[in-house]
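Step one of this worksheet: look at the structure below.
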Amino acid sequence: MKTIHLTLIMACASLLATAQSFSELNNNKGDNAFISNWIHPVVRFTSVAPKYTESYNGFTVNVSFHKNDYEKFSWRYDFENPTLGDLIFLLFNIQEMDGRKTEQAFGSGFLGWHQTYFNVVATDRLLVAPGLSFGDYIFASKREDDSKGARILDPAGYFLHVGPAVKASYVITSSMWVDAFATYDIGFQVGKPSAEYKAIKGYPNPGFLNIGGKIHHAKLRMFGGVRLTQLLDSGENEDGGTRLDVSVGYMMGNR
């Protein structure tokens, strides 16, 4: 047992000893992958788990865009619109989805999901950046409403959102770094669902909590990530839903 512990300690020490800095995270072309590779196409597995309706999941593809900088007091920016991937998933599963009496839509609209960050801590291996999250959500649950059949209940519709965000990045080896992020988005309804919608006047605005992380390999220009999005409903309908996105992607571009 002591030998195993010693081996693990030495392995960890060796791993940390080889860790360099953000400025040395070069890809296979000699460019800095942290800064240069700003286009990230992905293959994704998405799973939506509603509180009151049937869950669904499947594979799709999408792309995200990123502006990174490792200097102190510099700006960083992330953008993704999951609508493209959601539409591709729907095209391949439209017959199955059409046969359901209850369902939940949980994604983005035209604007997508934006986060802008400002580095307040910047060392060779660690960045901590608070910021702002903004964009839009589409959320609606069509569920059984007593004896009236399936209805769309609040919170539902097209929501613009804004809220605080924070992101941390850490270099773990000479070729790898990790990101972790969290946002809390406050939604404001600006569009209503179809005629099946049963509105409640003065219904409180929902919140959307996002947490996730990614691990990147600069030399391979590959990354893997996970993002969990949770609806927070403080109203009387007590709705809920969780969207899980698990992605594997490739870092492209040369900024």
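No lab work stands behind these numbers, since they all come straight from the coordinates. Computed from a prediction, not measured in an experiment: that's the story for all the values here. Cβ atoms come from the backbone with ideal geometry, glycine included; neighbour counts cover every protein chain shown.
Just a few scattered comments:
- Cα centroids of the stretch 30-67 and the stretch 160-192: 13 Å apart.
- For Lys72 and Leu244, the FRET efficiency from 1/(1 + (r/R0)^6), where r spans their Cβ atoms and R0 equals 30 Å, is about 0.35.
- Per-pair calculated FRET efficiency, R0 = 22 Å: Val43 and Asn254 via Cβ, rounded to 0.05: 0.50
- Fully extending the segment from Met222 to Asn205, taken as 0.36 nm per residue of separation minus the present Cα-Cα distance, adds 2.3 nm.
- Note on Lys67: aspartates and glutamates with a C-alpha under 13 Å away, same-chain residues under 8 apart excluded, are Asp78, Glu80.
- Sorted by Cβ neighbour density within 10 Å, fewest at the top, the residues Phe134, Phe223: Phe134, Phe223
- Averaging the sequence gap over all C-alpha pairs within less than 8 Å and six or more residues apart, then dividing by the number of residues, gives the stretch 2-250 a relative contact order of 19 percent.
- Each Lys or Arg adds one and each Asp or Glu subtracts one; over the other residues with Cβ under 15 Å from the Cβ of Ser108, this totals -3.
- Near Ile200: Cβ cut-off under 10 Å, other residues only, Lys/Arg at +1 and Asp/Glu at -1. The net charge is 0.
- Among Phe118, Gly187, Asn62 the positive-end extreme of the charge dipole of the stretch 2-250 (Cβ point charges): Phe118
- Computed over the Cα atoms of the stretch 22-108, the ratio of the radius of gyration to the Kirkwood radius (Rg/Rh) comes to 1.15.
- Rg/Rh for the stretch 2-250, where both radii come from Cα atoms and Rh is the Kirkwood radius: 1.05
- Fewest neighbouring Cβ atoms within 10 Å first, the residues Phe73, Phe208 line up as Phe73, Phe208.
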